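These notes concern the structure reproduced below.
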Ligand code: UDX
């Protein structure tokens with residue numbers, strides 16, 4: 001094709017990242033072919049169903065399908081024949097039994113796609129990978145693609161947050177183009193033209209820096225959360241108040257209030273595994289000491305889960321066993337059905353293991369939670385699981401939970417005890433209504 005023309009895009013991997021990217025790019029006017037080896041996922045998407053919870057995305061999928069610009073396939077051959085720019089959006093989970101990132105899916109995607117690349121094309125990785133991966137994959141693509149070195153590799157990390165995925169994709173804070181040539185930079189520029197026209201800043205850099213930007217960003221965010229949670233531990237020891245402390249820090253605009261919310265800590269498919277994979281990779285390349293603090297960030301975060309269980313135990317007079325415990329929340333954060341490394345479910349399972357009669361409700365993640373942890377009991381609503389409860393434990397700060405009135409809840413529970421694992425409730429209001437209210441880091 002004429003290289004000044006609008007590129008045709010493929011998206012390899014249709015999880016949270018890939019499906020969102022494919023749908024948004026089609027809505028922005030590109031011809032997009034989205035590919036996944038999971039036939040069920042592809043059938044759902046092609047039929048207009050988003051296979052996960054993401055506000056706004058189902059409407060955009062309908063729009064993209066209606067435009068005729070978005071199609072789905074399970075064929076690498078079709079993807080190879082169609083695309084000028086191929087976005088790699090497959091997952092890089094934690095390797096079982098290790099802190100390293102599991103690159104099985106990234107390697108399989110490249111090995112599947114490259115043999116079908118017989119003309120000049122760009123493969124742009126978006127997945128979060130250990131630094132050095134793009135350089136290795138460049139060699140693999142050159143070796144396997146019939147077009148050889150005419151196929152180039154670039155890295156274009158993605159920073160979208162679940163729950164805000166559409167907005168983060170359509171209006172990103174910045175774009176990072178990790179490239180090895182002017183041609184690759186021009187191709188990425190063409191592939192993001194409508195977003196660049198909004199004035200979105202672009203950082204042009206090399207492959208390794210682009211890979212690092214993503215893990216550095218997530219490590220910074222994780223560190224900020226663990227920092228405030230470490231302060232919460234200190235507050236607990238001296239009877240100080242973490243909420244007031246965090247609010248005071250947040251008003252210093254050099255610090256800022258984002259990712260400074262104390263509580264149960266971070267989970268999800270990104271932050272926990274990314275800091276571990278980064279620490280692991282840094283050790284491999286001989287700079288482990290530089291990011292050794294990430295081990296501590298992880299440890300602080302894990303302690304939040306144990307400490308939340310302790311708080312419930314304290315409130316119940318010293319034991320969990322035999323008590324009825326209502327758990328509000330299963331997803332790793334609100335506005336998501338994602339339960340990967342979810343702090344809420346960790347806490348619920350621990351209390352179940354200690355003999356508590358645990359019942360869990362979540363507005364979106366119940367099906368996923370049921371499938372993953374069938375041993376737990378689930379209910380149909382926040383009030384349903386709170387029926388006759390000895391304690392209610394808020395674990396994910398859904399708006400639905402925050403809106404429940406203390407008096408309405410008092411009518412169904414056995415005892416008016418509440419643990420606010422996310423500092424999401426108005427402590428004064430609950431205490432005034434006669435509740436024993438406890439939160440981490442508050443006396
Ligand atoms: C994160 C990054 O924000 C995103 O840029 C990257 O692309 C993927 O990883 P996500 O996993 O969707 O996104 O969730 P995020 O909103 O970052 O929240 C992560 C976790 O931190 C959640 O469990 C959340 O509850 C917790 N959190 C967040 C806090 O405990 N305190 C805070 O102040 C902020």
Rounded to 10°, Cα long-axis angle of helix 207-238 versus longest principal axis of the chain = 10
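If we count other beta carbons within 10 Å of each Cβ, what is the order of 107, 36, 173, fewest first? Let's see the in-between values first.
Details: 107 15, 36 24, 173 9.
Taking fewest neighbouring Cβ atoms as first place, the list is 173, 107, 36.
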The chain, Gaussian network, Cα under 10 Å: of 201, 130, 157, the residue fluctuating most is 201
Along the principal axes of its C-alpha atoms, what lengths does region 190-280 span, in descending order and rounded to whole Å?
-> 56, 33, 20
Net length gained if the chain between residue 143 and residue 38 were fully extended (0.36 nm per residue, minus Cα distance) = 35.2 nm
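Let a ≥ b ≥ c be the square roots of the eigenvalues of the Cα gyration tensor of region 173-233; is it rounded (a/c under 1.5), or, if not, prolate (a/b larger than b/c) or oblate?
Numbers: a/c = 5.65, a/b = 2.23, b/c = 2.53.
In terms of gyration-tensor shape, oblate.
Any idea what diffusion coefficient region 223-336 gets from Stokes-Einstein, in µm²/s, Kirkwood Rh on alpha carbon pairs, 20 °C, 1.002 mPa s?
Values: Rh = 16.1 Å.
For the chosen part, D equals 133 µm²/s.
For region 14-94, what does the alpha-carbon gyration tensor say about shape, rounded, prolate or oblate, given a ≥ b ≥ c as the root eigenvalues, a/c under 1.5 as rounded, and a/b over b/c as prolate? Could the numbers behind the result be given before it?
Values: a/c = 1.44, a/b = 1.07, b/c = 1.34.
Since a/c stays below 1.5, the shape of region 14-94 is classed as rounded.
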Quick one: of the DSSP bridges fully inside the chain, what percent are antiparallel, nearest 5?
-> 5
Among 162, 197, 296, determine the one that fluctuates most according to a GNM of the chain built with springs between C-alpha atoms less than 10 Å apart.
-> 197
Principal axis box of the chain, alpha-carbon based, largest edge first, Å | 72, 48, 41
Return one number: the angle in degrees, 0 to 90 and rounded to the nearest 10, between the long axis of the Cα atoms of helix 133-144 and the longest principal axis of the Cα atoms of the chain.
-> 40
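Hey, could you get me the Stokes-Einstein D for region 9-204, Kirkwood radius over alpha-carbon pairs, 20 °C and 1.002 mPa s, rounded to whole µm² s⁻¹?
Numbers: Rh = 16.7 Å.
For the chosen part, D equals 128 µm²/s.
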Just rank 287, 385, fewest to most, by other beta-carbon atoms within 10 angstrom.
-> 287, 385
How long is region 135-197 along each principal axis, judged by its Cα atoms, biggest number first, in Å?
-> 39, 24, 16
According to the square roots a ≥ b ≥ c of the eigenvalues of the Cα gyration tensor, what is the shape class of region 281-377, taking rounded for a/c under 1.5, prolate for a/b larger than b/c otherwise, and oblate for the remainder?
-> oblate
Distant alpha-carbon pairs in region 218-439 (separation over 26 angstrom), percent | 36
State the Cα centre-to-centre distance between region 108-133 and region 10-43 in whole Å.
-> 16
Any idea how far apart residue 402 and residue 238 come out in nm if each label point goes 7 Å out from Cα toward Cβ?
-> 2.9
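Taking the Cβ of each residue in 53, 87 as the centre, tally the other Cβ atoms inside 10 Å and list the residues starting with the fewest. Kindly include the intermediate steps, with their values, before the conclusion.
Values: 53 20, 87 27.
In increasing order of surrounding Cβ atoms, one gets 53, 87.
Tell me the relative contact order for the chain as a rounded percent, counting alpha carbon contacts under 8 Å between residues six or more apart. Please list the in-between numbers first.
Numbers: 912 pairs, mean separation 52.0, N = 443.
The value is 12 percent.
Tell me the mean residue ellipticity at 222 nm calculated for the chain from its helices only (DSSP H runs of n ≥ 4, each -39500 (n - 2.57), averaged over every residue, nearest 500). Please list the in-between numbers first.
Details: 19 runs with 196 residues, N = 443.
When only DSSP H runs of four or more count, the value is -13000 deg cm²/dmol.
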Estimate the FRET efficiency between residue 388 and residue 252 by the formula 1/(1 + (r/R0)^6), using the beta-carbon distance for r and 45 Å for R0, to the nearest 0.05.
-> 0.50
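So what is the orientation-averaged projected area of region 374-443, using the convex hull of its C-alpha atoms, in nm²? Each step should come with its number before you reach the end.
Values: hull surface 19.8 nm².
Computed as one quarter of the Cα hull surface, the answer is 4.9 nm².
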Give the angle, between 0 and 90 degrees and rounded to the nearest 10, that separates the Cα long axis of helix 293-315 from the longest principal axis of the Cα atoms of the chain.
-> 30
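Values quoted throughout were computed directly from the atomic coordinates according to the rules given, and no laboratory measurement underlies them. In this text, all values refer to a predicted model and were calculated from it rather than measured experimentally. Virtual Cβ from ideal backbone geometry, glycine too; neighbours counted across all protein chains shown.
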